[in-house]
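Notes to accompany the following structure.
Values in this text are rule-based calculations from the coordinates and carry no lab data. Please read these numbers as outputs of a predicted model, since none were measured by experiment. All Cβ positions, even for glycine, are placed from backbone atoms using ideal geometry, and neighbour counts span all protein chains on display.
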Amino acid sequence: MTLTQRLSTLAVAALRPSLAPNYWSQTAWTILRVVAGLVMIHNGLDKLSNIESFAEAYVKVIGLPFPIFFSYCAAFTELIGAPLLAIGLFTRPAAAGLFFTMAVAMFHHIKVAGFSIPYLELSMLYAACFLFFAVNGAGLFSIDSLLAGWLNAALPQTAQQREALEASYQTAETASKQ
């Protein structure tokens with residue numbers, strides 16, 4: 001297998017969503033992805049509107065070095081990752097970045113207010129959504145799924161057969177564990 005074939009196979013594996021059994025669940029999956037992505041955009045805009053204040057109130061409090069730098073990192077992760085999540089493009093890395101920002105937000109809330117649910121609940125819900133998409137991918141109705149289909153069609157027949165065998169093995173292994 002050539003390097004190009006290996007990279008294509010890896011890209012297909014990274015982009016292919018874990019498919020739920022029916023279109024209704026895929027529709028719900030898509031609605032959750034779009035809403036979570038679109039609602040998250042304003043958080044990045046809020047951070048950028050007064051970056052010094054955010055750095056002082058949130059980043060410096062948890063003891064991270066270079067508070068302005070990390071504030072910009074969080075803001076741009078939200079401003080770039082949230083729209084990518086909403087459209088379903090590079091969903092897993094976008095969701096992983098967004099999950100990480102929410103994990104830091106949860107750490108901040110725990111450090112400042114302890115395990116007080118009113119402070120934690122929104123960042124916990126966001127984190128759970130982003131973790132779901134980081135693990136499962138964008139779903140059937142996404143650009144990732146479309147790209148995975150195109151890349152899969154471009155793979156040589158032997159690589160496609162190998163992918164099908166690996167997928168059936170994983171399905172059988174999952175079924176045997178249940």
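Pull up the stretch 60-79, narrow it to residues that are among the β-branched types (Val, Ile, Thr) and without any contact (Cβ under 8 Å) to a residue 40 or more places away in the chain, then point me to the one that is farthest from TRP29 (Cα to Cα).
If we take residues in the stretch 60-79 being among the β-branched types (Val, Ile, Thr) and without any contact (Cβ under 8 Å) to a residue 40 or more places away in the chain, then ILE68 is farthest from TRP29 (Cα to Cα).
Considering only residues that are of a type outside the set (S, T, N, Q) and exposed (fewer than 12 other Cβ atoms within 10 Å of the Cβ), which ones fall in the stretch 151-169?
Within the stretch 151-169, ALA153, ALA164, LEU165, TYR169 meet the criteria.
Any residue in the stretch 1-15 that's polar (S, T, N, Q): show its pairings with residues that are surrounded by 11 or more Cβ atoms within 10 Å (Cβ to Cβ) at Cβ separation under 6 Å, as long as the two are six or more apart or on different chains.
GLN5/ALA159; SER8/LEU151; SER8/LEU155; THR9/ALA159
Closer than 15 Å to ILE41 by Cα and surrounded by 16 or more Cβ atoms within 10 Å (Cβ to Cβ): does that describe PRO67?
In short, no.
Residue pairs, Cβ under 6 Å, 6 or more apart or interchain, first in the stretch 140-154 and in contact (Cβ under 8 Å) with a residue 12 or more places away in the chain and within 17 Å of GLU166 (Cβ to Cβ), second surrounded by 15 or more Cβ atoms within 10 Å (Cβ to Cβ) and charged (D, E, K, R). List them.
Within 6 Å, the pairs are ALA148/ARG16.
Just give me the residues in the stretch 99-133 being within 13 Å of ALA36 (Cα to Cα) and either among the charged types (D, E, K, R) or surrounded by 18 or more Cβ atoms within 10 Å (Cβ to Cβ) (or both), in sequence order.
Selection gives PHE99, MET102, SER123, TYR126, ALA127, CYS129, PHE130, PHE133.
How many residues, within the stretch 80-137, are farther than 14 Å from TRP29 by Cα, polar (S, T, N, Q) and touching a residue at least 12 places away in the same chain (Cβ under 8 Å)?
2
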